[in-house]
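The values are calculated or read from the model by the stated rules, or taken from the named source; none is laboratory data. This one's a predicted model, so the numbers in the text were calculated from it and none came from an experiment. Positions of Cβ are generated from backbone atoms using ideal geometry, with glycine treated the same way; all protein chains shown enter the neighbour counts.
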Amino acid sequence: MSTDDLRYGLPEKMEYCKKCVIPNTKPMSMNEYKHTPETKHKFIQFDKEGICSACRFNEARDDGTIDWDKREAELRVLLDKYRSKDGSYDVLVPGSGGKDSVYASHILKYKYGMHPLTVTWAPHLYTDIGWKNFQNWLHIGGLDNYLFTPNGKIHRLLTRNAFLNLLHPFQPFILGQKTFAPKMAARFNIPLIFWGENPGEFGADMSIHQKKFNSDENEGHRLDFVDPSVNLDDLYLGGKKVSDYLKEGVTYGDLAPYFPLDGKAIAQKNIEFHFLGYYLKWIPQECYYYSVKHTGFEANPVRTEGTYSKYNSIDDKTDAYCYYTTYIKFGFGRAIADAAQEIRNHHITREEGVALAKRFDGEFPTRYFKEFLDYIGVTEEEFHKTIDAFRDPHLWEKKDGSWKMRFPIS
Ligand SMILES: [Zn+2]
């Protein structure tokens, strides 16, 4: 069987990285405007030794390949170039008020003397702890923020379609969130955007030496810039063509927050896009401690379902369904994603990661199940029917009335 025959372009043999625990079914391209039910994804790359590209990227971060003092000096030069003299915003930091955006925005302002504007694309449904952390970021941390909450009717419709058509309920959120920051920078004439973590840390195909999005020397990781001559009607949102939404009375204005960037307009403004993780050695647990200290960031008192952690991505009630649907389509869930990252950052061993994955990966999230179903307007029966329709027989088999993954981690 060639991989062309497998759904989603899944690799024929599911394998786990020998160093962390990420499998070769981790998709790298899920959030594109051409994503339809037939799309074959690109996956994280493994080398000949069976080690994933995220591990290799992190090795280079830690093994002396990078001179971090030199990188910080580069950061200071860049910030000196853009720092405003009158206190107006000179850098935009997108984020939710989670540990990574807290760290990036706070350190840029209070250590490096910048004047950041933070911008937030609201979660589908705020958790109490998420809202509290978001508020503390601004009130205790001392930062300015614009919170954008998209039209709930349209956002629910797109999320519902993305669930039913793609089993990827987060796609509209991610498209909106990703393009929101550059759109706001353009609106406020802010010349610089800083994202936190480098996508290479999660296996994106990019060099450890790439500091910018969309840089000319490396096309490894690009934002979706669109030529204004592209016909918006031909794009897909939630696996459905824009022209089909228009026929049902949804307008261009309704969908505008989800549309890609106008590449020419961004180019005219000369906005630069950088990763702070290129300049400063980025360790997620350090960001967490920093956030606790400077903005009163709080971890969840309860364990997040589907994993063992308490401080990653805790602000959205629907979050667990993003990970659960990934588990169904690609055979790995949130515990594996968390464990892989902690192994790469030397907080746990691979053996510990495997044990955690066995215990928690794929656990069904019940805590906000009813709210999620209400949000997307799907019955419990429809939910499970949809889930099962997206199980590839290559990954799943039904034994004694229950589903078993064919390639469990060991
Ligand atoms: Zn790995």
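Things worth noting here:
- Among residues of the stretch 195-207 that are part of a strand (DSSP E or B), none has a Cβ under 8 angstrom from a residue that is of a type in the set (Phe, Trp, Tyr) and surrounded by fewer than 18 Cβ atoms within 10 Å (Cβ to Cβ) at a sequence gap of 6+ or on a separate chain.
- Among the residues of the stretch 259-285, just one is without any contact (Cβ under 8 Å) to a residue 60 or more places away in the chain and more than 27 Å from residue 172 (Cβ to Cβ), namely 268.
- Residue in the stretch 248-264 that is of a type outside the set (D, E, K, R), at positive phi and modelled with pLDDT under 85 present: no
- With a requirement of 2 or more residues that are within 23 Å of residue 25 (Cβ to Cβ), more than 16 Å from the ligand (Cβ to nearest atom) and touching a residue at least 12 places away in the same chain (Cβ under 8 Å), the helices (runs of 4 or more DSSP H) lying completely within the stretch 300-406 that satisfy it span 319-330, 350-360, 380-389.
- Condition check for residue 56: within 13 Å of the ligand (Cβ to nearest atom) and part of a helix (DSSP H, G or I): yes
- In the stretch 59-100, residue nearest to the chain's Cα centre (by Cα) [restricted to those that are away from the ligand (no atom under 16 Å from the Cβ) and under 26 Å from residue 19 (Cα atoms)]: 100
- Single unsatisfied condition, residue 50 versus (1) over 30 Å from residue 179 (Cα atoms); (2) more than 10 Å from the ligand (Cβ to nearest atom); (3) surrounded by fewer than 18 Cβ atoms within 10 Å (Cβ to Cβ): (2)
- All of 136, 165 fail the test of being assigned to a helix (DSSP H, G or I), within 30 Å of residue 345 (Cβ to Cβ) and at pLDDT 95 or above, apart from 136.
- When residue 35 is tested against (1) in contact with a helix residue (DSSP H, G or I) (Cβ under 9 Å, 6 or more places away or on another chain); (2) outside any loop (DSSP other than H, G, I, E, B), only condition (2) is not met.
Residue-wise test of (1) more than 15 Å from the ligand (Cβ to nearest atom); (2) at pLDDT 90 or above; (3) over 26 Å from residue 161 (Cα atoms).
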residue: 4; (1), (2), (3): yes, no, no
residue: 22; (1), (2), (3): no, yes, yes
residue: 28; (1), (2), (3): no, no, no
residue: 38; (1), (2), (3): yes, no, no
residue: 41; (1), (2), (3): yes, no, no
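- Flag if residue 13 is modelled with pLDDT under 95 and more than 16 Å from the ligand (Cβ to nearest atom): yes
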